[in-house]
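Engineer: Pasting in a structure now, in structure tokens, and then I'll have a few things to ask.
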Amino acid sequence: MASPWRPLTRPEWRLVAGFAILIWCACAPPPPPRITPGSFSGNWTGRTSQGRAISFTVSARQRVTAVRFDYGCGAGTGSLTIPSDAPLLTTSAGSAATVTFSSDGLSGPYRIVVRFLFGAARVASGTVEFTNEMMCGTRELTWSAAR
């Protein structure tokens with residue numbers, strides 16, 4: 001007994017393949033929303049997990065500049081302003097940057113690392129990590145800021 005189906009010709013295969021691709025594209029989940037470049041520029045202010053101030057600027061070129069924060073460690077308090085020019089890098093969660101301050105360059109006896117995560121155009125969060133710092137020793141603070 002002969003099969004009721006006849007083999008598809010080359011033009012018919014192209015048509016079937018084209019419909020399959022269209023159906024797959026129509027059923028695929030939408031891509032995640034993209035954060036528009038330039039949406040982070042401006043002056044940001046917020047608080048650390050110690051309740052102290054943190055502020056920084058994101059330039060129009062999408063670079064973190066002029067980081068300033070207050071902190072309390074041991075028996076004292078301090079304030080630090082870090083002149084920086086760290087680029088924002090796009091990640092799956094938004095944009096991120098890292099600013100490192102150290103005595104005697106990156107290999108100095110102590111360092112302070114400030115990490116930034118911009119998950120939305122008006123909200124940022126991150127950490128301040130002290131390593132072998134004179135007053136704070138080694139510890140980490142969290143922070144959040146808005147513009």
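The values are calculated or read from the model by the stated rules, or taken from the named source; none is laboratory data. The structure displayed is predicted, hence computed values, not measured ones. Reconstructed Cβ throughout: ideal geometry from the backbone, glycine too, with neighbour counts over all protein chains shown.
Engineer: Answer with yes or no whether T90 is surrounded by 12 or more Cβ atoms within 10 Å (Cβ to Cβ), of a type outside the set (K, R) and out of contact with any strand residue (DSSP E or B) (no Cβ under 6 Å at 6 or more places or on another chain).
Structural biologist: Criteria met by T90.
Engineer: Among the candidates G72, G46, G51, single out the residue that is in a strand (DSSP E or B), at pLDDT 85 or above, of a type outside the set (S, T, N, Q) and over 20 Å from R111 (Cβ atoms). Can you show your working first?
Structural biologist: Details: G72 fails: over 20 Å from R111 (Cβ atoms); G51 fails: in a strand (DSSP E or B).
Of G72, G46, G51, the one residue that is in a strand (DSSP E or B), at pLDDT 85 or above, of a type outside the set (S, T, N, Q) and over 20 Å from R111 (Cβ atoms) is G46.
Engineer: Any residue in the stretch 53-67 that is touching a residue at least 40 places away in the same chain (Cβ under 8 Å) sitting within a Cβ distance under 6 Å of a residue that is charged (D, E, K, R)? List the pairs, counting only those 6 or more apart or interchain.
Structural biologist: Sorted first by the residue in the stretch 53-67, then by its partner, the pairs are S55/R68.
Engineer: For the stretch 122-139, enumerate the residues that are assigned to a strand (DSSP E or B) and within 18 Å of F56 (Cβ to Cβ).
Structural biologist: As a first pass, look at the stretch 122-139 and keep what is assigned to a strand (DSSP E or B): 123-133, 137-139.
Those that are assigned to a strand (DSSP E or B) and within 18 Å of F56 (Cβ to Cβ): V123, A124, S125, G126, T127, V128, E129, F130.
Engineer: Taking into account only those residues within the stretch 75-118 that are at pLDDT 80 or above and among the charged types (D, E, K, R), which is nearest to C136 (Cα to Cα)?
Structural biologist: Top of the filtered list is R111.
Engineer: Right, here's the next one. If we scan the stretch 96-104, do we find a residue that is on the phi < 0 side of the Ramachandran plot, touching a residue at least 40 places away in the same chain (Cβ under 8 Å) and assigned to a strand (DSSP E or B)? So that I can check it myself, show each step before the final result.
Structural biologist: Keep residues of the stretch 96-104 that are on the phi < 0 side of the Ramachandran plot, which gives 96-103.
Now drop any that are not touching a residue at least 40 places away in the same chain (Cβ under 8 Å), which leaves none.
The answer is no, given that none of the residues of the stretch 96-104 is on the phi < 0 side of the Ramachandran plot, touching a residue at least 40 places away in the same chain (Cβ under 8 Å) and assigned to a strand (DSSP E or B).
Engineer: With S95, S144, S125, S59 as the choices, which residue is closer than 19 Å to S39 by Cβ and buried (at least 19 other Cβ atoms within 10 Å of the Cβ)?
Structural biologist: Details: S144 fails: buried (at least 19 other Cβ atoms within 10 Å of the Cβ); S125 fails: buried (at least 19 other Cβ atoms within 10 Å of the Cβ); S59 fails: buried (at least 19 other Cβ atoms within 10 Å of the Cβ).
Criteria check complete, one pass: S95.
Engineer: Suppose the filter is within 13 Å of S41 (Cα to Cα) and among the β-branched types (V, I, T); does V123 pass it?
Structural biologist: On the way: within 13 Å of S41 (Cα to Cα): yes; among the β-branched types (V, I, T): yes.
Judged against the criteria, V123 is a match.
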